[in-house]
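> Mind having a look at this structure? Questions to follow.
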Amino acid sequence: MEYGKRLKQLREAKEFSIYRLSKDSDISQGHISDLENGKNQPTIETLKKLLTPMGISLSEFFNEDGEVTVLNDREKEIVTSFRTMNDENASLYLLLGKALSKS
């Protein structure tokens, strides 16, 4: 995996400028640029600092199996609610969502 390219892909998908990411992560713009251009490799701690403001987990970052999926705030709320439900309620929630999407 090319970590720098992946970081840049996610940053752009989230519509973060290097400046904004630098301010939100407390990592210099120069260091972020060097990472994205493959001049340096990030540590796990640096990745956490860069990904957290964008709402991306380490597991999402390292997932190479699919396209980059960026959830908006409403989608995050739905996923969070779903994950806290018991199996019966989750099944009902899923059925309701499918029924509503057909309308």
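The values are calculated or read from the model by the stated rules, or taken from the named source; none is laboratory data. These numbers come from a predicted model, not from an experiment. The accessibility values were calculated without ligands, DNA or RNA, using every heavy atom of the protein model including side chains. Shrake-Rupley method; radii C 1.70, N 1.55, O 1.52, S 1.80 Å.
> Pop out the Kirkwood hydrodynamic radius of region 27-80 from its pairwise C-alpha distances, inverse of mean 1/r, in Å to one decimal. Working shown, then result.
Numbers: mean 1/r = 0.0790 Å⁻¹.
With all distinct Cα pairs of region 27-80 included, I get 12.7 Å.
> Residue-wise, which Karplus ³J(HN,Hα) couplings in Hz belong to region 32-44, taking 6.51 cos²θ - 1.76 cosθ + 1.60, θ = phi - 60°, and x for glycine or proline?
Taking θ as phi minus 60°, the curve returns 4, 4, 4, 5, 5, 8, x, 6, 9, 10, x, 7, 4 Hz for region 32-44.
> Mind jotting down a quarter of the surface of the convex hull over the alpha carbons of region 2-55, in square nanometres, one decimal?
Averaging across all directions leaves 3.0 nm² for the Cα convex hull.
> Roughly how compact is region 58-103, stated as its Cα Rg over 2.2 N^0.38 Å to two decimals?
Region 58-103 yields a ratio of 1.40.
> Under a no-solvent Debye model with one identical scatterer per Cα of the chain, what's log10 I(q)/I(0) at q = 0.12, 0.19 Å⁻¹?
Rounded to two decimals, the profile gives -0.51, -0.92.
> Hey, can you find the accessible area per residue of the chain for me, probe 1.4 Å, expressed in square angstrom?
73 Å²
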